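The values are calculated or read from the model by the stated rules, or taken from the named source; none is laboratory data. Since we're looking at a predicted model, the values are computed, not measured. Using ideal geometry, Cβ is built from the backbone for each residue, glycine included, and neighbour counts are taken over all protein chains shown. Please note that ligands, DNA and RNA were not included when accessible areas were found on the heavy atoms of the full protein model with its side chains. Shrake-Rupley method; radii C 1.70, N 1.55, O 1.52, S 1.80 Å.
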Amino acid sequence: MNTEFAEAENSAAFGPLPTRPGKIIAIHVAYESRAAQRGRRPEKPSYFLKTSSSLSWSGDLITRPAGTELLAFEGEIALIIGRTARNVSLDEAWGHVGWVTASNDFGIYDFRAADKGSNVRSKGRDGYTPVGPSLIDAQSVDPNNLRVRTWVNGAIAQEDVTRPENMIFPLAQFVADLSQHMTLEVGDVILTGTPAGSSVVVPGDVVEVEVDAPDLGLSSGKLVTAVVEAPAQFDESLGNLPLVDDKQREEAWGSREAAGLPVVAAADETSAGQEAAVSTDDALSPEILEKLQSTPTAGLSAQLRARGLNQVVIEGVRSLTPGTKLVGLAKTLRFLPGREDLFKSHGGGYNAQKRAFDAVKPGEVLVIEARNESGSGTLGDILAIRAKFNGAAGVVTDGGVRDVAAVTEIGLPVFTRGAHPAVLGRKHVPWDYDIAIACGNATVVPGDVIVGDDDGVIVIPRGMVEEVVEAAHAKEFEDAWVAERVAEGYPVDGLFPPTGEWKAQFEAYRDQQSGK
């Protein structure tokens, strides 16, 4: 037996493991079935770390903190390093695995959004990595023919085999890849991802996981974990509170149906936590965009008024950078007046504000309803960077903006009532997005056309934009001709607007310019 294997086996026992692991590394997605369930397939492996204090053993209890909702199980194959690995090849990698066993990568989705992919709080809690109950010698099995199965209350929930056609990446690739970046030491644990079927469990449920080599009759035995509820107090002054939304419910349960959520077409998903769909058919044509860019809001506003629309100005907002032109389709975000209990439930974690900034698409203007309350910020430099990266056309808020110098430097068009250093919770609760809102006393519906310049910001109903911009563009052409005549010294009477002889002269000029 290899010397390092022998030393590990002779070390002090740490549960079923040869030693306390220096690191536990988990894979995000590895099975084809899981990728199909999630609707996203990675091209390369990606990882996160779990704490060694999260380890527990077969028969131990796992606690779901009171006040949380989404405790999810993930039955997995655990690889335990038996020989130090650093910069090993794919062909060499499996030789550095000492043992395999069953594991369960538990997580609380109530903290998943706040973790932003790190899974520190959602999966790092004490007891959230059960392993065991016994180890299988890795060198006696084929890594391409290991089976993992999970039962919940005696009913099979997950089953898959590590055959190449079932895996996005072979198990050995994780060892080789990770060894490029760090030294894998004896006792380190690699959790190799979960197949489809992961879902939510509640207090009273019992979850069992087994890893075996069916052709050899070798098994880890069943790893048994019972779920109980435990008291929990999360101090908002120290960190994020638990927070769930429909997106996290869908991810935790495995599907909208399993989570008991209504199944709707993507284009109809305009409730909280869902992206409003503006189809490509609704996108503004390059010609209309060009005309909107060159037409002042004053001219567009006049055309809307001529068509009976007067309440189309977002009042009180000005650009952080004079001379800025803003054009795009509206994506909306709504803040409610500040209330302490609602901010506790909706203000922390991956709240509606953060989701809206993450979801804004190229060419969209994020319009924020803050009730004309500028007494706290409604965005700062981090969210402005996110919107700029996503290709947003700009942001309009009838509230305040923090980090004004930094936001201005980012170069994203931002129209606001002014600067304010205070954080969101002083005045606002982020509540919902992609709904009809009131911003600066104007109603804004997702998909409306937003145009801004130094005169202010106006809202144009999407169905009227072509008609309005064509009329406004024509009027701007006329006004430019009139301005030239006035500059030549002619009085405005009968010239602005052109009537009689002046009208005939303008029409002749217009026809000449158009080639008629």
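I need a count of the residues in the range 403-418 that are within 21 Å of ASN441 (Cβ to Cβ) and surrounded by fewer than 20 Cβ atoms within 10 Å (Cβ to Cβ).
1
When you go through ALA114, ALA157, ALA102 one by one, which is the residue that is assigned to a strand (DSSP E or B) and at pLDDT below 95? Please lay out each step first, then the result.
Numbers: ALA114 fails: assigned to a strand (DSSP E or B); ALA102 fails: at pLDDT below 95.
Just a single option satisfies the conditions, and that option is ALA157.
For the range 146-160, which residues satisfy the criterion of being touching a residue at least 40 places away in the same chain (Cβ under 8 Å), of a type in the set (A, V, I, L, M, F, W, C) and farther than 13 Å from ALA196 by Cβ?
LEU146, TRP151, VAL152
Sort through LYS325, LYS354, LYS388, LYS361 and tell me the only one that's surrounded by fewer than 21 Cβ atoms within 10 Å (Cβ to Cβ) and more than 30 Å from SER294 (Cβ to Cβ). Break it down into steps so the answer makes sense when it comes.
Working: LYS325 fails: more than 30 Å from SER294 (Cβ to Cβ); LYS388 fails: more than 30 Å from SER294 (Cβ to Cβ); LYS361 fails: more than 30 Å from SER294 (Cβ to Cβ).
Only one candidate qualifies: LYS354.
Kindly indicate whether PHE174 is over 23 Å from SER58 (Cα atoms) and in a loop (DSSP other than H, G, I, E, B).
Spelling it out, it is not the case that PHE174 is over 23 Å from SER58 (Cα atoms) and in a loop (DSSP other than H, G, I, E, B).
Is there any pair with a first residue in the range 37-53 that is within 26 Å of PRO130 (Cα to Cα) and of a type in the set (D, E, K, R) and a second that is loosely packed, with under 15 Cβ neighbours inside 10 Å and modelled with pLDDT of 95 or more whose Cβ atoms are under 9 Å apart and which are 6 or more apart or on different chains, and what are they?
Going by the 9 Å Cβ cut-off, there are no qualifying pairs.
For the condition more than 21 Å from the chain's Cα centre (by Cα), touching a residue at least 24 places away in the same chain (Cβ under 8 Å) and either closer than 22 Å to GLU315 by Cα or open to solvent by less than 10 Å² (accessible area, probe 1.4 Å) (or both), what is the one hit in GLY380, GLY400, GLY394, GLY349?
On the way: GLY380 fails: more than 21 Å from the chain's Cα centre (by Cα); GLY394 fails: more than 21 Å from the chain's Cα centre (by Cα); GLY349 fails: more than 21 Å from the chain's Cα centre (by Cα).
Every option except GLY400 fails the conditions.
To keep it simple, each residue is scored yes or no on (1) surrounded by 20 or more Cβ atoms within 10 Å (Cβ to Cβ); (2) in contact (Cβ under 8 Å) with a residue 40 or more places away in the chain; (3) of a type in the set (Phe, Trp, Tyr).
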| site | (1), (2), (3) |
| --- | --- |
| PHE174 | yes, yes, yes |
| LEU191 | yes, yes, no |
| SER199 | no, yes, no |
| ASP205 | no, yes, no |
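Residue check, VAL457 against (1) open to solvent by less than 50 Å² (accessible area, probe 1.4 Å); (2) in contact with a Phe, Trp or Tyr (Cβ under 7 Å, 6 or more places away or on another chain); (3) part of a helix (DSSP H, G or I), all met but one. Which one?
Result: VAL457 passes all but (3).
Enumerate the pairs (first residue in the range 15-28 and under 13 Å from SER54 (Cα atoms) and in contact (Cβ under 8 Å) with a residue 12 or more places away in the chain; second residue anywhere and in a loop (DSSP other than H, G, I, E, B) and acidic (Asp, Glu)) with beta-carbon separation below 7 Å, excluding pairs fewer than 6 apart on the same chain, so at least 6 apart or on different chains.
PRO21/ASP188; GLY22/GLU185; GLY22/ASP188; LYS23/ASP188; ALA26/ASP105
Consider LEU79 against the criteria (1) under 24 Å from SER179 (Cβ atoms); (2) modelled with pLDDT under 90: it satisfies all of them except one. Which criterion is unmet?
So the condition that LEU79 fails would be (2).
Restricting the range 207-233 to residues that are of a type in the set (Gly, Ala, Ser) and farther than 20 Å from ALA155 by Cα, which is most open to solvent (accessible area, probe 1.4 Å)? Working first, answer last.
Let us first name the residues in the range 207-233 that are of a type in the set (Gly, Ala, Ser), namely 213, 217, 219-221, 226, 230, 232.
Applying the additional criterion that residues be farther than 20 Å from ALA155 by Cα yields 213, 217, 230, 232.
Working: ALA213: 2, GLY217: 68, ALA230: 24, ALA232: 34 Å².
Taking the candidates together, the pick is GLY217.
Which condition number in (1) loosely packed, with under 13 Cβ neighbours inside 10 Å; (2) at pLDDT below 90; (3) closer than 20 Å to LEU70 by Cβ is the one that LEU238 fails?
Of everything listed in (1) loosely packed, with under 13 Cβ neighbours inside 10 Å; (2) at pLDDT below 90; (3) closer than 20 Å to LEU70 by Cβ, LEU238 misses just condition (3).
Confirm whether ARG307 is more than 14 Å from GLY456 (Cβ to Cβ) and surrounded by fewer than 17 Cβ atoms within 10 Å (Cβ to Cβ). Can you show your working first?
On the way: more than 14 Å from GLY456 (Cβ to Cβ): yes; surrounded by fewer than 17 Cβ atoms within 10 Å (Cβ to Cβ): yes.
Yes: the conditions hold for ARG307.
Pick from VAL451, VAL429: which is open to solvent by less than 10 Å² (accessible area, probe 1.4 Å), in contact with a strand residue (DSSP E or B) (Cβ under 6 Å, 6 or more places away or on another chain), more than 17 Å from LEU326 (Cα to Cα) and part of a strand (DSSP E or B)? Give the derivation first.
Working: VAL451 fails: more than 17 Å from LEU326 (Cα to Cα).
Only one candidate qualifies: VAL429.
Could you list, in sequence order, all residues of the range 315-350 that are assigned to a loop (DSSP other than H, G, I, E, B) and at pLDDT below 90?
As a first pass, look at the range 315-350 and keep what is assigned to a loop (DSSP other than H, G, I, E, B): 315-317, 320-325, 338-339, 347-350.
Passing the criteria: GLY347, GLY348, GLY349, TYR350.
Let me confirm something: among ASP126, ASP142, which residue is touching a residue at least 60 places away in the same chain (Cβ under 8 Å), open to solvent by 10 Å² or more (accessible area, probe 1.4 Å), touching a Ser or Thr at 6+ places or on another chain (Cβ under 6 Å) and among the charged types (D, E, K, R)? It would help to see each step written out before you state the result.
Values: ASP142 fails: touching a Ser or Thr at 6+ places or on another chain (Cβ under 6 Å).
Criteria check complete, one pass: ASP126.
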